[in-house]
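Colleague: Submitted below is the structure of interest, expressed as structure tokens.
The values are calculated or read from the model by the stated rules, or taken from the named source; none is laboratory data. Computed from a predicted model, the values in this text were never measured in an experiment. Don't worry about glycine lacking a Cβ; one is built from the backbone with ideal geometry, like all the others, and counts go over all protein chains shown. Keep in mind that these areas ignore ligands, DNA and RNA; they rest on the heavy atoms of the full protein, side chains included. Shrake-Rupley method; radii C 1.70, N 1.55, O 1.52, S 1.80 Å.
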Amino acid sequence: MERNLKNVLVISFGFLFLFTAYGGLQSLQSSLNSEEGLGVASLSVLYAALILSSMFLPPILIKKLGCKWTIAISMCCYIALSLGNFYASWYTLIPTSVILGLGGAPLWSAKCTYLTIAGTSYAEKAGKNAKDIINQYFGVFFLVFQSSGIWGNLISSLIFSQSSTKVEISEEDLACCGAYNCLTDTTNTTGSKKPSKSLIYTLLGVYTASGVLAVLLIIIFLDQIKSHQAETEKEKLETSSFWSTFLATFQHLKDKRQCLLIPLTMYSGFEQGFLSGDYTKAYATCALGIQYVGYVMICFAAVNSLCSLLFGKISQYTGRKFLFALATITNIACIIALLLWKPHPKQLAVFFVFPALWGLSDAIWQTQTNGLYGILFEKDKEAAFANYRLWESLGFVIAFGYSTKLQVYIKLYILLSVLVLSMVTYGVVECLEAKSSPGTPTATKKENGGPLTQETHM
């Protein structure tokens, strides 16, 4: 096997094992650690730490340690969260969430740097177009990586389904599920349905082992980058652009199109935060039990992956406006339905319809918003995507931050309001673009945003 391709596969499967653990654990935080909102508070802290990490750490660590060891050490930060859950408390989960958040940005930056340099190096040797090889490497990576959302949630559901004490959920408890959930009672009813300690420890043991396997895979099988010239150039670029990138992130806000896209970018964090933090707890766990959370999130991940591929392909024919309209209508319909629906175990299929539709919408938000940033800010991509990470992460922080303070119906109204505002400001951006280039219909340009980026999966 060609050595560069081997390294791509090592990184891909390393991320697969790591995010099999992290993805499954994130989906369970709001249900597994519901006391005093500990689970969602830890997620909010995690994304706040990610914001700081994105601004400062990646160029420093990559310069000092190189890509291989930055990836390995950052992966250890993810394992810390699994270990913190063995004895979940404010003194263990909050610090480990900070550690994970700080490791998140260097991990993804080092991965991107490694694949880019490896692709460029191979292209030079083979006499091929570097961009084509790099795209192929990223395609292989995301093909393997995207399935992590399925495996992590499948593991949790299979383990929790082994519980010998099946709790019968009373009609009184069911009345506290859904949009008008009982903030004071939900914790108690959810807590009574938590799996046994032994099952929780079994799950955490599997997740921890999966993370350790990822680290060992990187340390043992991943080669150091051999293109020293490319590495040196990359280091110079990273060093020289550190402060300029930091300042450019905020200077980019002088572009009114960037300011107009802030609501749309934050909505991406809001809607993902709602599904993983509120839908899993107030609907799935409350009415069905925690063992169903994994299956529900598998449905979301599977539809999301398929639709990301589909919409990436068809966007050149439909244009981004049509796809944004489809996502908006789908999300609004889901929000209204969630406000009206009273979840009940007898309506099992409905619990999977919502995450499937949410996955369809999220696929559009991710691919098309990424593509929109790439098209609008082609000359300032670095600053533009730094803003993307910043505002989406802020959306996550806010969504998880108020998760335990407000009833679900209020969160749904907030979600609806942000969505409407997002589409209004996005419409203004399209109008500005149409006026600036009347002879070039931007909708027909290539708009595929490619695979999901780091802020989506963390």
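Colleague: Which distance in nm do the two modelled labels at Leu5 and Leu406 give, with both placed 7 Å along the Cα-to-Cβ direction?
Modeller: 5.0 nm
Colleague: Determine the calculated [θ] at 222 nm for the chain from helices alone, applying -39500 (n - 2.57) to every DSSP H run no shorter than 4 residues and normalising by the residue count; nearest 500 deg cm²/dmol.
Modeller: Result for the chain: -27000 deg cm²/dmol, rounded to the nearest 500.
Colleague: Calculate the radius of gyration of the Cα atoms of the stretch 1-116 to one decimal place, then report Dmax, the largest Cα-Cα distance, as a whole number, both in Å.
Modeller: Expressed in Å, the Cα Rg and Dmax of the stretch 1-116 come to 15.0, 52.
Colleague: Leaving out ligands, DNA and RNA, and with a 1.4 Å probe, what % of the accessible surface on the stretch 249-435 is carbon or sulfur? All intermediate terms of the calculation are to be shown ahead of the outcome.
Modeller: Numbers: 4810 of 6910 Å².
Ligands and nucleic acids excluded, carbon and sulfur reach 70 percent.
Colleague: Rounded if a/c is under 1.5, else prolate if a/b beats b/c, else oblate: with a ≥ b ≥ c from the C-alpha gyration tensor eigenvalues square-rooted, which is the chain?
Modeller: In terms of gyration-tensor shape, oblate.
Colleague: Continuing with this model, one more query. For the stretch 397-427 and the stretch 106-138, what is the separation of their Cα centres, given in Å?
Modeller: Cα centroid of the stretch 397-427 versus Cα centroid of the stretch 106-138: 38 Å apart.
Colleague: Within the chain, what's the longest run with no GluC sites (Glu not before Pro) in a DSSP loop and at most 12 other beta-carbon atoms within 10 Å? Give the range, please.
Modeller: Excluding the exposed sites themselves, the longest stretch runs over 169-458.
Colleague: I need the P(r) histogram for the stretch 48-172: all alpha carbon pairs, bin width 5 Å from 0 out to the longest distance, whole percents.
Modeller: 2, 10, 12, 14, 16, 15, 10, 7, 5, 4, 2, 1, 1, 0
Colleague: Leu357: accessible area at probe 1.4 Å, nearest 10 Å²?
Modeller: 70 Å²
Colleague: Using 0.36 nm per residue, how much length does the chain from Ser417 to Lys313 gain when fully extended, once their Cα-Cα distance is taken away?
Modeller: 34.4 nm
Colleague: Over 25 Å between C-alpha atoms is what I'm after, so list which of Lys197/Lys411; Lys111/Lys411; Lys131/Lys313; Lys411/Lys435; Lys313/Lys435 land there.
Modeller: Checking Cα-Cα distances, Lys197/Lys411; Lys111/Lys411; Lys411/Lys435; Lys313/Lys435 exceed 25 Å.
Colleague: Separation between the Asn129 and Phe86 pseudo-spin-labels, each 7 Å from Cα along Cα→Cβ, expressed in nm?
Modeller: Roughly 5.1 nm, to one decimal.
Colleague: By Kyte-Doolittle mean hydropathy of at least -1.0 and Cα axial length of at least 24 Å, which whole DSSP H helices of the chain are selected?
Modeller: Qualifying helices: 3-32, 38-84, 90-126, 197-221, 228-251, 256-274, 293-318, 320-340, 350-376, 381-401, 408-436.
Colleague: Could you give the spread of the C-alpha atoms of the stretch 249-435 along their three principal axes, from largest to smallest, in whole angstroms?
Modeller: Taking max minus min along each principal axis of the Cα atoms, the stretch 249-435 gives 53, 37, 25 Å.
Colleague: At Ser161 and Leu143, where each label point lies 7 Å from the Cα along Cα→Cβ, what is the point-to-point distance in nanometres?
Modeller: 2.9 nm
Colleague: Mind listing which trypsin sites (Lys or Arg not before Pro) in the stretch 28-134 are in a DSSP loop and have 14 or fewer other Cβ atoms within 10 Å?
Modeller: In loop regions of the stretch 28-134 (DSSP not H, G, I, E or B), the sparsely surrounded trypsin sites (Lys or Arg not before Pro) are Lys128.
Colleague: Here's another thing I want to ask about it. In Å, what is the Rg of the alpha-carbon atoms in the stretch 315-363, and how long is Dmax?
Modeller: 13.1, 42
Colleague: Taking K and R as +1 and D and E as -1, what net charge do the other residues with C-beta under 10 Å from the C-beta of Ala179 add up to?
Modeller: +1
Colleague: Please give the per residue accessible area of the stretch 249-435, computed with a probe of 1.4 Å over protein heavy atoms only, in Å². Before the final figure, lay out each step's value.
Modeller: On the way: 6910 Å² over 187 residues.
Result: 37 Å² per residue.
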